1. Loop-only check: which GluC sites (Glu not before Pro) in segment 236-306 are DSSP coil with at most 12 other Cβ within 10 angstrom?
2. Sort out for me the Cα centre separation of segment 1-77 from segment 140-159, rounded to whole Å.
3. Could you identify which residue out of Ala88, Ala79, Ala333 has the top mean-square fluctuation in a GNM of the chain using Cα springs shorter than 10 Å?
4. Taking the chain as a Gaussian network, Cα atoms linked when under 10 Å apart, which of Ile209, Ile81, Ile49 shows the biggest mean-square fluctuation?
5. Given springs between every Cα pair under 10 Å in a Gaussian network model of the chain, which of Tyr99, Tyr74, Tyr275 has the largest fluctuation?
6. Looking at segment 122-188, which trypsin sites (Lys or Arg not before Pro) are in a loop (DSSP not H, G, I, E or B) and have at most 14 other Cβ atoms within 10 Å?
7. Per residue, how much accessible area does the chain have with a 1.4 Å probe, in Å²?
8. Note the full-extension length gain between Val199 and Gln24 as 0.36 nm times their separation in residues minus their Cα-Cα distance, in nm to one decimal.
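The values are calculated or read from the model by the stated rules, or taken from the named source; none is laboratory data. In this text, all values refer to a predicted model and were calculated from it rather than measured experimentally. Every residue, glycine among them, receives a Cβ derived from its backbone with ideal geometry; neighbour counts consider all protein chains shown. Only protein heavy atoms, including side chains, enter the accessible area calculation; ligands, DNA and RNA are left aside. Shrake-Rupley method; radii C 1.70, N 1.55, O 1.52, S 1.80 Å.
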Amino acid sequence: MAKQILVTGGTGFIGSHTVVELQQAGFDVVIVDSLINSKEETVDNIEKITKIRPKFECFDLADREKVHAFFKKYTSIEAIIHFAALKAVGESVHKPLEYYRNNLNALMNLLECMKEYNVKNFVFSSSCTVYGQPDKLPVTETTPRKPAESPYGNTKAVAEDIMRDFTVANADADMKCLALRYFNPIGAHPSALIGESPVGVPNNLVPYITQTAAGIREQLSIFGDDYNTPDGTPIRDYINVVDLAKAHVVAINRLIEKKNKANYEFFNIGTGNGYSVMELVKAFEASTGVKLNYKVVGRRAGDIEKIWADTTYANNELGWKAETPIGETLLSAWNWEKRVRGIK
Ligand code: UDP
């Protein structure tokens, strides 16, 4: 029988792409999502891609009773992938308690239920935000973490610590947690049926680019060109969301097959290549043939100058590698935006 995986936040951007990859790898998926930041029609679109409808339950994971009720109903969950979380950096500065309450309670409720209902495998969405501005680039898994710049970032760091402590306390029960530290996920499924749908004005670069190209935003603001980088704009490691989704399938198999080297592990999930904001804008124009209206403005508060991953450990240890060229990834983001907006 197909192994059953709980995917929290499975109607979100990375979650939905991961559900598709899990189903295509033969897993039976149950999604839990509160839909505060995503739409139920994503379940239909996942089904259109895979021809399999994932099970779907709508509730808030910060509600402990509901999480217990879920595990009483679904008694053969083999592993959990936990995406569901609030993720707006700026908002978290204004609403810290909401971020800590939501993100940490959901995590602790799930871990508590892992123990109570004997689910041994847990994969968590962490972020390269835990590295802050590293002193040395690229960042490896041994690069020290820096104090978080925002409550959002701190929820990721604290979540990692909670998982580490949980696995130590429950080592005899073989409870395993694995954190994937994502760099900058972008793009969309090649079918253009699922992708990134930010609510309101996008904070992230690529949705802002595609919405500007679609005429929804008048102009892209490039936040600063006076950084210590070759063209003065900040550098990030942009990773294709389908490549990223595949890393989760590998992580799940590693835990289920007991190939993990420790009960708590963490990996950098990036491409190993850094692109500046200006390079990304130019790559978008080159791959789509659409000219972007942009202007360089002042720096955005809290932005770091440059970061990209050393992926050696993930590549060797997981046997996983990001493969999609940046142009193809940007084109997929544009195709998704066009489909959503009805642009031919
Ligand atoms: N950025 C920009 N204009 C925008 C949004 C983002 O110039 O409208 C820049 C931002 O300053 C950063 C990079 O794009 O250098 C990536 O930002 P994003 O918010 O996508 O991800 P982050 O790395 O901040 O998590």
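1. Sparse-neighbourhood loop GluC sites (Glu not before Pro): Glu257.
2. 27 Å
3. Evaluated over the chain, the most mobile residue of the options is Ala88.
4. Comparing Ile209, Ile81, Ile49 in the GNM, the peak value goes to Ile49.
5. Tyr74
6. Lys136
7. Using a 1.4 Å probe on heavy atoms only, each residue of the chain averages 44 Å².
8. 60.1 nm
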